[in-house]
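Rule-based calculations on the coordinates, nothing more; no lab input. All values reported here derive from a predicted model rather than from experimental measurement. Note that each Cβ is placed from the backbone with ideal geometry, even for glycine, and that neighbours are counted across all protein chains shown.
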Amino acid sequence: MSLWEHIKPTPREATPVSIEQRDGKFAITWDDQVRTESSYHETRSQCPCAACIEEWTGRRIVDPTQIPADVKPVQVSPVGNYALGIIWSDGHTTGIYSWQTLRTIGTAVETV
């Protein structure tokens, strides 16, 4: 068996083609032709920051029932070429959502 037969390519992660905010949701179209949606509340509830997830155990600290039902993004900014930084109406400011996190949070609604 040759050296090349042992090397496995790293799967490429999907990246967004478009990100829209509408009807209380993020609607993201990905470069693999899948479109996902996630409500603002679900996205906020799944924040991956150290204030929301215990760093050593991975246990979720934030209680989704304590997040206002009408939470919404106040500011959404790109973070490099890999994520979105979101400031929320409940005052939470430390969430950086990688493309992988956003893809995991979202529910596939159609293939485009």
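Tell me the label only: which of (i) 15.3; (ii) 13.8; (iii) 14.8 is Kirkwood radius over Cα pairs in Å as calculated from this structure?
Correct label, based on the coordinates given: (i).
Across the chain, where is the longest run that never hits chymotrypsin sites (Phe, Trp or Tyr not before Pro) in a DSSP loop with at most 15 other C-beta atoms within 10 Å? Don't jump to the answer; show the numbers that get you there.
Values: sites that count: W56, Y82.
Longest stretch, sites excluded: 1-55.
Expressed as a whole number of Å, what is the distance separating the alpha-carbon centroids of the stretch 50-68 and the stretch 78-112?
Distance between centres, Cα-based: 16 Å.
Quote the relative contact order of the chain in percent (integer), defining contacts as alpha-carbon pairs under 8 Å separated by 6+ residues.
Numbers: 169 pairs, mean separation 28.0, N = 112.
Reported as a whole number, the value is 25 percent.
Using modelled backbone amide H atoms (1.01 Å from N, in-plane), which distant-in-sequence or interchain residues come within less than 5 Å of I53's amide H?
So I53 has HN proximity to I61.
Run through the stretch 9-72 and list the GluC sites (Glu not before Pro) located in a DSSP loop whose Cβ has at most 16 other Cβ atoms within 10 Å. Mind showing how you got there, number by number?
Details: sites: E13, E20, E37, E42, E54, E55; in loops: E13, E54, E55.
Passing both the DSSP loop test and the Cβ count: E13, E54, E55.
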